[in-house]
Each structure stands twice: as C-alpha cells, then as structure tokens.
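FYI, it's all coordinate maths here, none of it is from the lab. These figures come from a predicted structure and were not determined experimentally.
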Amino acid sequence: MRHCPSCWNVPQKSAQSVAAYRSVLTISPLSSVREDKCHSLRTRAVTATEYKATGQTTNTSSTNVNVIDLSAPVVELDASSPTIQTVGDSLHLTCTATTVDHLTPGAELTVEWTGGNGGATQIETAVEGTTVTRTLTFSSLSTTHGAKYTCQAAINIPSINVTRNNSSNTDVYVRIPSPMVAVTAQTATELVSGSGLSLNCSIQPPSVDTSITVLSNWSTPGGRHNRVNAENDASPQLVIPSVETADSGDYTCSVRVTDSTNSPYILDSPLAYSTTRITVKLNVTVSPIYEPAPGRSRGIGSS
C-alpha cells in the first residue's frame, strides 16, 4: 500500500480493516504569505480483492489556507516631545495612525489617547493606506494636565481574532505663571548717610490648582544687605537702620513660585523681579564762621 504524504501524518493500518481516519496538517508558525496556497488531502481506501483486481482507489479533498501578513500600524505625533506650556495656554496633541497592509473586510483601525484626561476612541474600517487621526485638545491648560500621554493604535480583525498594536508617547510639562512683583520705598529714595531705609516688596502669586511655595530674596548694591526671605512671605521688607554712601544703587526683589507637590510635570515659574534705585549722599555739617564786632581787636588781651 502506498503511503500518504508524510506532512499529513496519517497512521497506517491493515488494508483488511474498516475504520475512520483523521489526519491533521500542522504548519507552525505561519510566518509569511509563503503558506498562502491550496493544500490537498488525498485518501485511498482499498480491499485486498479490489487491489488485486482493479488497483487502488483514491479520493481527493482540498481546502484553501489564506495567510495575512499583518503589520502593526504606523503611529506619528505632530507634537515634539517634550511639550512645555504655561498654565492657561491651549494645546492640541494630534496622533495619526496609518495601515501599511491590505486588510480583509471588517478589519478595524482603532486610535486612542490615554494618560492625563485621556481621549475618546475613534474607530474606522481599515483598508490599505487608511489613515485615522485623533486630536486631544486642551482649551486652557491647568497644572493637572501635566502628564505622559500615549497614542495607542490597533488593527483588529475580529473574524480571525488577530490584533496588531503600536503606540507613541509625548510628555506635557506645564509651567506655573510668573507672579506679580512691585518694590516700593517707605522712605525717600534720596537719602543722606546715617538715614534709615525701608523697602517693601509686594508679591501677588498666580492662581493655580496646585499647592505652591513662594520664594523671594533681596539683592542690594555690593551684596552688603542681601537676604533670603521667609517662604510664602507675601510682603517681605528690607530695613537698613543707617545707610552709607556705598549703599547707593539698585535694590531688587526677586520672586519664584514652585510646585509644593514635587510633580515632575509641573515646572517652576520664571523668575520675576522689581527694582528701585536708592541714592545716598554724604552728610556734611558746615560750622559757622564768627566775625568780631566793629572796633574790637582780634588780638589776645585787647581791651
């Protein structure tokens, strides 16, 4: 008796026996379209008498194996990473996913933003060259929007339970706005040496939805009276009881606002400052000169 093709792994039995046979063809893995072909199973049933009289009888059954060489979608973001914005700015993150293979009918291309506030899923029927775009829009950024955002794209063929995924990430950093700072002199800005100087720094922190810390310091001419103010002091003062001529120059109050939660996606505010100029003049005392009365001698002992 002739053997069946070895790839079908058909067990051999005696020609006199009557039985049902089951043959399995396994191709693993189906790595490419090289297996996209017709595979045939040929069966032979014969008795000893028939074999001697007429030879073997055969029957053939065929099936098609369709292999889809499915690649993951291409995912592209229009935003550079990282993205740095300021509280109150608008931001648009656009993700474009494109299929690169010809897909079977009913395939779905899914694009979704995740992270932060996330985004809705958009589904289309995918064919070769199909592109799906999903834009995540922030009309007014807050500090809570600082996060890592991921655009996930997937091609799914439900009929054969096949999925290919791809993704791309971008980081969004949100900067705290600058505070408002103003320096005012409680005394005159033109002084004489020995006078007292009093300056006030008025700070108005920005309104943000996170816990903040206000840091400020005074810079003075020559660094003679520099000082670091207490945290969150909204009106730090600089008092010099007695100024000298070397104290003439610019006095600056510098302020920076930081995030108290230490979130990696919330950035400190830019440095804000206000300056006033103080002039100190030497205090000179002029003594009066006395002249003798007319007719009186300037000599010692004169009468």
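Between residue 83 and residues 5 or more places away or on another chain, which pairs have amide H atoms under 5 Å apart, with H built 1.01 Å from N, and which residues are they?
171, 172, 173
What is segment 180-281 by shape, rounded, prolate or oblate, if you read a ≥ b ≥ c off the alpha carbon gyration tensor as root eigenvalues and call it rounded for a/c under 1.5, prolate for a/b larger than b/c, and oblate otherwise? Could the numbers behind the result be given before it?
Values: a/c = 3.06, a/b = 2.72, b/c = 1.12.
Prolate, since a/c reaches 1.5 and a/b exceeds b/c.
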